[in-house]
1. Since Tyr21 meets every condition but one in (1) open to solvent by less than 80 Å² (accessible area, probe 1.4 Å); (2) modelled with pLDDT under 75, which condition does it not meet?
2. Among the residues of segment 54-108, what is the count of those that are hydroxyl-bearing (Ser, Thr, Tyr), in a helix (DSSP H, G or I), at pLDDT 90 or above and surrounded by fewer than 13 Cβ atoms within 10 Å (Cβ to Cβ)?
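The values are calculated or read from the model by the stated rules, or taken from the named source; none is laboratory data. Predicted, not measured: the structure shown is a model, and the values here were computed from it. With ideal geometry, Cβ positions are generated from the backbone for all residues, glycine too; neighbour counts draw on all protein chains shown. Calculation scope for accessible area: heavy atoms of the full protein, side chains included, ligands and nucleic acids excluded. Shrake-Rupley method; radii C 1.70, N 1.55, O 1.52, S 1.80 Å.
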Amino acid sequence: NDATKDMRLIDFEYTRLNYVYFDLANHFNEYPGLDCDYDKYFPDREHCERFVREYLTQGRKLAALTAVTTSLNDELTQTLLSSIAKVSDKEVQEATDLVMFFTLVSNITWA
């Protein structure tokens, strides 16, 4: 959503929750489409890390939001969510490493 800068992932391909890094890897594997030109269309590491960082951040916000009581005002809630949702560079790098590994698993699965 360009106005709110929100992104929603809807996974219509699976009937149950899969290992999250496999699903993210499969998402990146879809970039080349039917052309299968991975050199041209597969996202670079920087793109993957930005995506993974946002994914982890939003996941933490969602988890925190469910734990926050409705008695807090919006500004305080947003401040709390922002501090809880901070994701370290190390976490992003480690998660992206796992996603990159699972791109291979995803390719084998769909081969």
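1. Unmet for Tyr21, out of (1) open to solvent by less than 80 Å² (accessible area, probe 1.4 Å); (2) modelled with pLDDT under 75: (2).
2. 0
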